[in-house]
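Submitted below is the structure of interest, expressed as C-alpha cells.
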Amino acid sequence: MSQFGYLALETALQRIGSLYSPAQAHGEMFGLVCGGQTELKSWVTQSLTDQSTKFELDEQDRLFFEDLMAFVLDDLQAGDLGFELMLPDDEQALQLRVEALAVWCQGFVFGFGISYPLQGNRTASLTVQESLQDITAIGQAGYDSDGEDEESAYVDLVEYVRAAVQCVYDECGYSSTKIPKAGQRTLN
C-alpha cells in the first residue's frame, strides 16, 4: 500500500479541499466497505468535501480514491489481516498516534453506521455488536503519558482494531462485491 500512505492520502485530501485527516478518511472508507457500500462518488462528494459547493473530482483524484477503495476491499476480502490502519508512522509522538487511532475508529463507526442500514433489516451478531462497541470505545481513547507500557498498549489496540474490523467485514460486508481494477472503473 506504498502509494497509499498517510502522506499520500493527506495530500489527496488537501487537493480536494477536505478537512478530513487521513486516519478519519481511511477509517470511514473501511467502515463503508464493512457495511456493504463500495460506491465512491457519493462518499467523496458528501463526506470529504464542502457540500455547499458543486464538486467534481479531477482524473488524478478520482483514480487515487478508486484505487484506494479497491485496495481496502481487496485487503478485507483476503481475510488475512494483511491490511494496515492508515496512522502516523511509529517515529511520530505516541500522543499523535493515539489521537489518530481514535479518529480512525470514529471514521470507521461513522462509515459503517451510514452504510450498513442501507442493507435492509439485517441484524449484526453479538460478536459484531461487541466489536463495534469496542471500536467505538477506542474512538474515545485519550492519552496520558509516554512510556514503554503505553507504546505496547497502543500496538495491542491497533492489532485489536484490525481484528475487530475483519470480524465486522467477514459477517457484514459483501465478499462477492468487487471493484474493478484501475482503468476499468467508472464512478456511479
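The values are calculated or read from the model by the stated rules, or taken from the named source; none is laboratory data. Predicted model, so just to flag it, every value in this text is computed and none were measured. Here the Cβ positions follow ideal geometry from the backbone for every residue, glycine too, while neighbour counts run over all protein chains shown.
How many residues are part of a loop (DSSP other than H, G, I, E, B) and under 21 Å from residue 144 (Cβ atoms) when one looks only at segment 86-96?
6
So, one more: Taking the options 92, 77, name whichever one is surrounded by fewer than 20 Cβ atoms within 10 Å (Cβ to Cβ), closer than 22 Å to residue 172 by Cβ and either at pLDDT 90 or above or among the aromatic types (Phe, Trp, Tyr) (or both).
Exactly one of 92, 77 is surrounded by fewer than 20 Cβ atoms within 10 Å (Cβ to Cβ), closer than 22 Å to residue 172 by Cβ and either at pLDDT 90 or above or among the aromatic types (Phe, Trp, Tyr) (or both), namely 77.
Same structure again: Could you look through segment 136-160, keep only residues that are in a helix (DSSP H, G or I), out of contact with any Cys (no Cβ under 9 Å at 6 or more places or on another chain) and more than 20 Å from residue 81 (Cα to Cα), and pick out the one that is modelled with the lowest pLDDT?
Filtering first and then ranking leaves 148.
Every residue in segment 130-169 that is more than 23 Å from residue 77 (Cβ to Cβ) and among the hydroxyl-bearing types (Ser, Thr, Tyr), please.
Hits for segment 130-169 are 136, 143, 145, 152, 154.
Next question. Any idea which of 91, 84 is among the acidic types (Asp, Glu), more than 18 Å from the chain's Cα centre (by Cα) and under 19 Å from residue 157 (Cβ atoms)?
Criteria check complete, one pass: 91.
Can you name the residue in segment 125-158 that is among the charged types (D, E, K, R) and touching a Phe, Trp or Tyr at 6+ places or on another chain (Cβ under 9 Å) and is also nearest to residue 89 (Cα to Cα) among such residues?
Checking each candidate, the answer is 150.
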